[in-house]
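These notes concern the structure reproduced below.
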Amino acid sequence: MSTELIRHALNGPTMGTRWTALFFAAPGFDPAPVQSALQAAAEAVDAQMSTWNPDSDLMRLNAAPVGPWRDIPPDLARVLKLGLDIGRASDGAFDIGMGDAVRAWGFGSAPADPQAIRAAMAASRRPAHEVLDLDGSRVRKTAPLMLDLNGIAKGHGVDRLAEVLSDHGLRDALVGIDGEMRATGLRPDGQPWTIAVEAPDPDRRAPRSILTLQDAAVATSGDYRHRVTVQGRHLSHTMDPGRGAPLVACPASVSVIAPSCAMADAWATALMVAGVDAGARLAMKTGLDALFLARDDAGGVRAIAVGRLFSGKPAASAPGN
């Protein structure tokens, strides 16, 4: 009987895209229970954190009045806490309280609304970490607030996929949602997992550089993948908390390597908002490994690397702790 490991590549729908899971197992391994568990985990994240589903836990929290404490699922509380912590650490560059602006500019379930855009840009804002209180799995708003977790929920979903595989004894795997990736352990040949960093091109998906990852995650925020056109202008889905509007001068993309995909996802957004210069300083201050891709006046793209993993070498490796 052959003892050679068999490659399994599973996938399923989630959050308007697809999740993926790649792992190797002994002959005779039945992937069906793993497929079902992964799909259930992805659906649970969507049920808790979707802004497209009015019955999600997040949208019910958005509809709740200011003042009273409200019980929420532990996973949602965990994501909110991480979002608030990174909001504080980034001085508000990452703000999970931009839901009104996201919806107004057409990145939700309805098209852009000029009246809502004006209201979002005129709103007197305080960051979510100043007006949302958490106590374990209880939360309360101390001021009007519409939450949006699009900058962290996919990363959390990737982490949940990795946890499901670990629960099934699969501790060497590569999982992802829409380009946000997490690697656990090693490939069967003892090498780290190989991941491409995408070129910031809205017309095609092509690799720009290659990473090798072990027990680490990578996430990318960019201005080229999720966009709307308003009055003939292509606008990025990433919101500027200072303006209540999409970023207008920002890197083409920012990729971040971190221990968890939720952390990488949120910090990639924060550095995108901060911009190349301030973002690079913030990444150095917080000890992040980040790669900024910025467009130049000639239409090219230049890379600005921060940290030891993005050192300009053909591959960057994130060894396990």
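The values are calculated or read from the model by the stated rules, or taken from the named source; none is laboratory data. Values in this document were obtained by computation on a predicted structure and should not be read as measured data. Cβ placement follows ideal geometry from the backbone for every residue including glycine, while neighbour counts extend to all protein chains displayed. Note: accessible area is taken over every heavy atom of the protein model, side chains too, but ligands, DNA and RNA are not part of it. Shrake-Rupley method; radii C 1.70, N 1.55, O 1.52, S 1.80 Å.
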Qualifying residues in segment 1-30 (those that are in contact with a Lys or Arg (Cβ under 7 Å, 6 or more places away or on another chain) and part of a strand (DSSP E or B)) - the one least open to solvent (accessible area, probe 1.4 Å): G12
Which listed residue, of G176, G169, is among the small types (G, A, S), open to solvent by less than 50 Å² (accessible area, probe 1.4 Å) and either assigned to a helix (DSSP H, G or I) or free of Cβ contacts under 8 Å to residues at least 40 places away in the same chain (or both): G169
P33 out of contact with any Leu (no Cβ under 6 Å at 6 or more places or on another chain) and outside any helix (DSSP H, G or I): no
Enumeration of residues in segment 243-284 that are among the charged types (D, E, K, R) and at pLDDT 95 or above: D265, R281
When residues of segment 285-321 are limited to those that are of a type in the set (D, E, K, R) and in a strand (DSSP E or B), the one modelled with the highest pLDDT: D289
Hits in segment 188-231 (condition: open to solvent by less than 70 Å² (accessible area, probe 1.4 Å), in a strand (DSSP E or B), at pLDDT below 80 and within 23 Å of I304 (Cβ to Cβ)): E198, S209
Residue in segment 257-266 that is among the charged types (D, E, K, R) and exposed (fewer than 15 other Cβ atoms within 10 Å of the Cβ) present: no
Search result, residues across segment 63-89 that are of a type in the set (G, A, S), surrounded by fewer than 23 Cβ atoms within 10 Å (Cβ to Cβ) and on the phi < 0 side of the Ramachandran plot: A63, A64, A77, A89
Check on A270, over 25 Å from A122 (Cα atoms) and within 17 Å of the chain's Cα centre (by Cα): no
Residue tally, condition surrounded by fewer than 16 Cβ atoms within 10 Å (Cβ to Cβ), farther than 15 Å from L247 by Cα and touching a Lys or Arg at 6+ places or on another chain (Cβ under 9 Å), over segment 91-129: 3
Any hit, segment 45-60, residues being aliphatic (A, V, I, L, M) and open to solvent by 20 Å² or more (accessible area, probe 1.4 Å): yes
Residues within segment 270-284 that are assigned to a loop (DSSP other than H, G, I, E, B) and under 13 Å from A89 (Cα atoms), tallied: 0
Tally of residues being at pLDDT below 85 and assigned to a loop (DSSP other than H, G, I, E, B) across segment 232-242: 2
